[in-house]
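Working notes, beginning with the structure itself.
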Amino acid sequence: MRVLHPGWDPRRRVRDRRRRPWFLLVVTVAVILVAGIAVGLSLLRMTPETPPNRPAFPPEAFTTPPPAPTPPPAPQPEFDQGGPQVHAPTMPTAAARVAGAGDDTRACDIDDLSLVNHGWERATGTSWTSVTATNMKDQPCVLGAWPQVRIVQGRPLALTFQQVSKDADGQPAAPQRLLLEPGRGASIVLWWRGYGAASDDTTPQRFFMRFGSGDWREIPLPPDLTTPFDLVDGGQVELYPWLPTVPAG
């Protein structure tokens, strides 16, 4: 056979048979790699492009919604500013007397009276002041019910006024109907526990009083006292009854 086929070698055929499985394996792997690359490129072409400098997901997708805007504060309601007193500050010439049971004299209107603030005391941690009312009319009137009081410091302070039945010395004193003849007067005391440095000592204060549903009238404070009421919102003031006493002198 070597004569008929000089290039034929049986050992070479065996070697060729041994190499074919490795060759097929290499070809198969190459085909798989090419197919994988082709599939990856096709998927990349199908993905939408992201605009430059913009993330795939906007930041707002990962944040909570902004809080609702805070409404503006409601305007403070207006309050009755009241007015000045009709009469100039005048002290009485004598004290009132207790009205009789059958006395039908009309009740005093606030514009019948001159109201004067005096008698401040703040030295002991508790504070008090008084108001004296003088009948300025030509006819008598009866003073009896507790008045309404308002202390304004830019706005009315939110205070509680407690009506008590005692006098300035702390002794029991029931409210009475007092007959104020012309020129005569009666006094009332306001007492409270002072708040000292916790109170506003810069904003000027104003002091008002009224009877029933009548008009508010301003009681002038002493010129040297701009913030005499050492009170804050929530404070309590004791209101004593009208008594037939007037300052001496």
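Bear in mind these aren't lab numbers, they're just calculated from the coordinates by the rules spelled out. Quick caveat: nothing in here was measured; it's all calculated off a predicted structure. Positions of Cβ are generated from backbone atoms using ideal geometry, with glycine treated the same way; all protein chains shown enter the neighbour counts.
Structural remarks
- When the stretch 188-249 is described by a simple charge dipole with +1 on each Lys and Arg Cβ and -1 on each Asp and Glu Cβ, the residue from Thr226, Gln205, Pro244 located farthest towards its positive end is Pro244.
- Cα gyration tensor, the stretch 134-249 - rounded (a/c under 1.5), prolate or oblate: prolate
- Charge tally for Arg210 (other residues, Cβ to Cβ under 11 Å; Lys, Arg +1; Asp, Glu -1): -3.
- Of the peptides 220-231, 237-248, the order by per-residue mean of other Cβ atoms within 10 Å, starting with the highest, comes out as 237-248, 220-231.
- Pairwise centroid distance, computed over Cα atoms, of the stretch 139-175 with the stretch 223-238, Å: 14
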